[in-house]
Amino acid sequence: MTAFPTDRTVIVTGAVSERGIGRATADYLAERGWNIGVIDIDDAACKAAAKELAEKHGIKAHGAGADVSDEASVRAAIDGIEAELPQLVALANIAGVSSPVPYLELDAAEWDRVLSINLNGVHYATRRVAESMVKNRVGRIVNISSVSAQRGGGTFSKTPYSVAKAGVIGLTRATARELGPYDITVNAISPGPIDTDIMGGTLSEERKDELVKDLVVNRVGSTRDIAAAISFLIGEDAGYISGQTLNVDGGLYMH
């Protein structure tokens, strides 16, 4: 097992939205001493978020805009982050979009949009960081899937979202197997209902009450719940965990 460098970097995709899992994760990890690479669609917003994280937590941060559905864009962003920050040790693949379109109303453009961001984007970022992690013989990758992948939907987003997130679980397992010999772990997190805007806007108290009826924990999840799980899985003490899907869903899906 290769030890982590003292000065280490994690790249977080989808890390700009103030109410999103990505921004909460970047903040949580920066608070714990990680240097942060911020990737999102808007370059200026990425740089502003990185500046704020650096000033707030006294760490190094660098933002780089990228369309995660475009491999060249992703590679360029990660190249730029690596040039500016200490050794890349971890990646949190969080960027994603929802899709409430019913299956019988679904067209090819919507299908392609969701899969290109939610599945291809995870592959592109993983493929690029793996090159650096293999050279360094250490790495942690965490991908965000969804309970929708395991239950076949039944949430705000419909079929293409469930398909993409199921693909993320398959990608997680296959890459865990191939990258394991290089001391790289790859895991997924399947969130349940989380209070973010991706579920169609800010959740009203009435909507939260409806969601809680399906849970064994008497509340909707927070972005911090997911950030804490990511923090554990990218940590040095999680080196014997790989190829797994951790459900952080209030007991919605038990298996």
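Laboratory data are not the source of any read-out in this text; all were calculated from the coordinates shown. Computed from a predicted structure; not experimentally measured. Quick reminder, even Gly has a Cβ in these numbers, built from the backbone with ideal geometry, and neighbours come from all protein chains shown.
Using a Gaussian network for the chain with springs between C-alpha atoms less than 10 Å apart, which of these wobbles most: 130, 176, 44?
44
Please give the charge dipole size of the chain, origin at the Cα centre, charges +1 on K and R Cβ atoms and -1 on D and E Cβ atoms. Round to the nearest 20 debye.
Value, rounded to 20: 620 debye.
Among 104, 88, 215, which one moves the most in a GNM of the chain with springs linking Cα atoms closer than 10 Å?
104
Once you charge only the Cβ atoms, +1 for Lys and Arg and -1 for Asp and Glu, what is the size of the charge dipole of segment 89-137 about its Cα centre, to the nearest 20 debye?
That gives a dipole near 520 debye.
Under a straight-distance cross-link criterion of Cα-Cα below 17 Å, which aspartates and glutamates are reachable from residue 158, leaving out those fewer than 8 residues away in the same chain?
The reachable aspartates and glutamates, counting only those whose Cα sits under 17 Å from residue 158, are 105, 107, 110, 112, 197.
About the Cα centre of segment 149-251, what is the dipole size in debye to 20, counting +1 per Lys and Arg Cβ and -1 per Asp and Glu Cβ, all else neutral?
In total the dipole reaches around 340 debye.
Could you list the GluC sites (Glu not before Pro) in segment 1-89 that lie in coil according to DSSP, counting only those with at most 12 other Cβ atoms within 10 Å of their Cβ?
Loop-located and lightly packed - 18.
Please state the relative contact order of the chain as a whole percent: Cα pairs under 8 Å, 6+ residues apart?
Once normalised by length, the contact order is 20 percent.
Using a 10 angstrom cutoff on alpha carbons, build the Gaussian network for the chain and name the most mobile of 91, 119, 211.
211
List the residues, sorted by chain then number, that are 5 or more residues from residue 42 or on another chain and whose placed amide H is less than 5 Å from its amide H.
Those lying under 5 Å, H to H, from residue 42 are 66.
Neighbour counts of other C-beta atoms within 10 Å: give me 97, 74, 147, 134 arranged from fewest to most.
134, 97, 147, 74
Hey, what's the Cα Rg ratio for segment 131-235 versus the globular rule of thumb, 2.2 N^0.38 Å?
That ratio works out to 1.23.
Of the listed values (i) 17.1, 52; (ii) 20.2, 65; (iii) 20.9, 61, grab the one calculated as Rg and Dmax of the Cα atoms in Å from the structure here.
Working out Rg and Dmax of the Cα atoms in Å from the coordinates points to (i).
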